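Data block below; observations after.
What follows is calculated from the coordinates using simple rules that are stated; it is not laboratory data. Computed from a predicted structure; not experimentally measured. Glycine also receives a Cβ, built like all others from the backbone with ideal geometry; neighbour counts cover every protein chain displayed.
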Amino acid sequence: MKKNSIRQTELISLLLILFPILTGAFLYNRLPQKMATHFGMTDMPNAFSNKLWVIIGLPFLGIMLQIMVFFILHNQKETKNLDFKIVNITLWLVPVITNIVNLSLYAYALGHKVKGSFMLSAFLGLFFIIFGNYLPKVSPNHVVGIRLPWTLNNTENWRKTHRFAGWIFFISGIFLLLTSYWEMYWMIIAVTILVILIPTSYSYLLSKKGY
């Protein structure tokens, strides 16, 4: 990994997680005291929290999670084989999710129509497309990828599994983007399960063939 570039990305990612706090402070007087923080399958709110928790607490949780990501990525034993681009994608996940969640909650609290199912489907679709593009390039490691006993113990199994999984992620991502307009949570759940189950089953079948 390129350590200087990684350090710079880590710093920028932490600053990005703080952005919702600045936005929340700017909007503080316009936001209601209680804000919706959880939504049901019909996109109707079913849980509320104090606005200070939304503005400060949620980004703080994001920072704690990002620090955990840093800790894992700096474990040389686990990350020595990771591609630099894969590390970058990993570092941007928490900041992007934190901003999407907080800014969506602000928008909803201010009366704007926010469809969680649409946003989740679109975000997952984009992530699957990007991740699927890089997945075949990931070398065997214990941090990113389809980390199963038979993939970690056989380089050819790992290579074949991740090449196959890359296509599954990519196609699933396009499908989620195309169907995001219909805002169906069950579709998101079903596709996510299949994205995990199909490559796992494929790698298991490869192991039974001696790979």
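P(r) tail for the chain: Cα pairs beyond 30 Å make up 33% of the total.
Taking the chain as a Gaussian network, Cα atoms linked when under 10 Å apart, which of Phe169, Phe123, Phe48 shows the biggest mean-square fluctuation? Fluctuation is largest for Phe48. Calculation over all alpha carbon pairs of region 1-112 in 10 angstrom steps from 0 returns a P(r) of 14, 40, 25, 16, 5 percent. Each principal axis of the Cα atoms in region 122-190 has its own extent, and those three values, largest first, are 42, 19, 17 angstrom. Placing a pseudo-label 7 Å from each Cα along the Cα-to-Cβ vector at Thr200 and Ile174 gives an inter-label distance of 2.6 nm.
Residues of the chain were split at every exposed loop site, defined as trypsin sites (Lys or Arg not before Pro) in a DSSP loop with at most 16 other C-beta atoms within 10 angstrom, and the longest piece left, sites excluded, is 3-79. If you count Lys pairs in region 1-112 whose Cα atoms are under 12 Å apart, skipping same-chain pairs closer than 8 places in sequence, the total is 4.
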